[in-house]
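Trainee: Once you've had a glance at the structure underneath, I'll fire off some questions.
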Amino acid sequence: MIRSILNSVPEWALIIIVIAGLPAVVVGVFLMLRGRLDSWRTDSSSAIVVAVAAMVMTLFALVLAFAAVNLFQGYDEASANVTEEANALGQIQRDVRVFPVAARDRVDGQLIAYINVVRNVEFPAMRDGNATKVQAGVVATDTLFAAMQSYDPVSETQKTFYASAVDRMNDLIALRRNRISASNSALPTAFMVLLLLTAAISILTTFFLRTHKPGLDITLVVMVSMVVGAGLLTVVLLEYPFSGSVSVSSDPFVHGTLARLLAGKH
């Protein structure tokens, strides 16, 4: 559900919905209930409400900060992991330069096939959360290993670079596994419930604040709703690092040495 929204609704539209839509809905509910809440919105109760609101909003801020920091770190690590995976492919491509032409071309061909599968199949699958298609690279990885294993190095130089290429291929497997794992990262359900609960209570407590100026009462409701909504939107945008407009790009797979490989200049 969240992935579908992130992939189908532009970031600017989500921001407008949160900044304008959520406060409008909250104010509408407040105006509908204000008459029924007047007996509770007294001067004596306002002091208690302020104390409770401060406690709840502080808890919401702490939970939100913890979630945002952890999700951003996950996003940053996922981006770095993709770059490292692309670097591993580039290193393999450079190491096999010392192979005979036929063996080198076999490995290069499988490197190209792997990149195409990752960019055209796995990345779209990670974006949509398709657990089946996201494993498309398994076969491409196996054929890449087979291409490498089909060559038996002869000279010491070839043996040295062959060992380096094999090490990078082993790194590639771990990096690919980390990438796929990161695509499914999400906050635990219990943590998300706590975040939503504190967000809702933070907004609801503003309904019981009374300043004797209706315009100021509404302004407080709007401002708290906007802040809470913006915080929740930040969490949603960062929750799945490969989904939505704020997502990890596959561009590292088509830059540098790999760009020359894909262009046939190998």
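Trainee: Among the residues of the stretch 89-100, is any within 20 Å of N170 (Cα to Cα), aliphatic (A, V, I, L, M) and free of Cβ contacts under 8 Å to residues at least 60 places away in the same chain?
Mentor: no
Trainee: If you scan the stretch 114-131, which residues turn out to be buried (at least 17 other Cβ atoms within 10 Å of the Cβ), free of Cβ contacts under 8 Å to residues at least 40 places away in the same chain and either farther than 23 Å from R3 by Cα or within 17 Å of the chain's Cα centre (by Cα) (or both)?
Mentor: Listed by number, the residues that qualify are Y114, A125.
Trainee: Also: Take the residues of the stretch 40-69 that are at pLDDT below 70 and not in a helix (DSSP H, G or I): which is surrounded by the most Cβ atoms within 10 Å (Cβ to Cβ)?
Mentor: R41
Trainee: Still on this structure, I have one more. When only residues in the stretch 185-201 that are of a type in the set (A, V, I, L, M, F, W, C) and within 17 Å of G129 (Cα to Cα) count, which is nearest to the chain's Cα centre (by Cα)?
Mentor: Looking at the filtered set, the residue picked out is A186.
Trainee: Another question about this same structure. Out of V18, V9, V27, report the one residue that is among the aliphatic types (A, V, I, L, M), touching a Leu at 6+ places or on another chain (Cβ under 7 Å) and surrounded by 13 or more Cβ atoms within 10 Å (Cβ to Cβ).
Mentor: V18 is the lone residue from the list that is among the aliphatic types (A, V, I, L, M), touching a Leu at 6+ places or on another chain (Cβ under 7 Å) and surrounded by 13 or more Cβ atoms within 10 Å (Cβ to Cβ).
Trainee: Can you pull out the residues in the stretch 185-205 that are out of contact with any Phe, Trp or Tyr (no Cβ under 8 Å at 6 or more places or on another chain), of a type outside the set (A, V, I, L, M) and either in contact (Cβ under 8 Å) with a residue 40 or more places away in the chain or not in a helix (DSSP H, G or I) (or both)?
Mentor: Scanning the stretch 185-205 gives P188, F191, T205.
Trainee: Give all pairs with beta carbons closer than 6 Å in which a residue from the stretch 227-250 that is part of a loop (DSSP other than H, G, I, E, B) meets a residue that is of a type in the set (D, E, K, R); count only pairs at least 6 apart in sequence or on separate chains.
Mentor: Correct list of pairs: Y240/R3; F242/R127; S243/R3; S243/R127; S245/E11; S250/R119.
Trainee: Continuing with this model, one more query. Given V134, V166, which one is closer than 30 Å to R3 by Cα and not basic (K, R)?
Mentor: Of V134, V166, the one residue that is closer than 30 Å to R3 by Cα and not basic (K, R) is V134.
Trainee: Got at least one residue in the stretch 138-154 being closer than 30 Å to L232 by Cβ and part of a helix (DSSP H, G or I)?
Mentor: No, because not a single residue in the stretch 138-154 is closer than 30 Å to L232 by Cβ and part of a helix (DSSP H, G or I).
Trainee: With the structure loaded, tell me whether D95 is within 30 Å of Y151 (Cβ to Cβ), of a type in the set (D, E, K, R) and not in a loop (DSSP other than H, G, I, E, B) or whether it fails that test.
Mentor: It is true that D95 is within 30 Å of Y151 (Cβ to Cβ), of a type in the set (D, E, K, R) and not in a loop (DSSP other than H, G, I, E, B).
Trainee: Now, a different point. Does the stretch 163-170 include one or more residues that are β-branched (V, I, T) and either outside any helix (DSSP H, G or I) or surrounded by fewer than 15 Cβ atoms within 10 Å (Cβ to Cβ) (or both)?
Mentor: The answer is no, given that none of the residues of the stretch 163-170 is β-branched (V, I, T) and either outside any helix (DSSP H, G or I) or surrounded by fewer than 15 Cβ atoms within 10 Å (Cβ to Cβ) (or both).
Trainee: Can you give me the number of residues within the stretch 153-211 that are touching a Gly at 6+ places or on another chain (Cβ under 8 Å) and among the polar types (S, T, N, Q)?
Mentor: Selection size over the stretch 153-211: 3.
The values are calculated or read from the model by the stated rules, or taken from the named source; none is laboratory data. Everything quoted here is computed from the prediction, not taken from an experiment. FYI the Cβ positions are ideal-geometry reconstructions off the backbone, even for glycines, and counts take in every protein chain you see.
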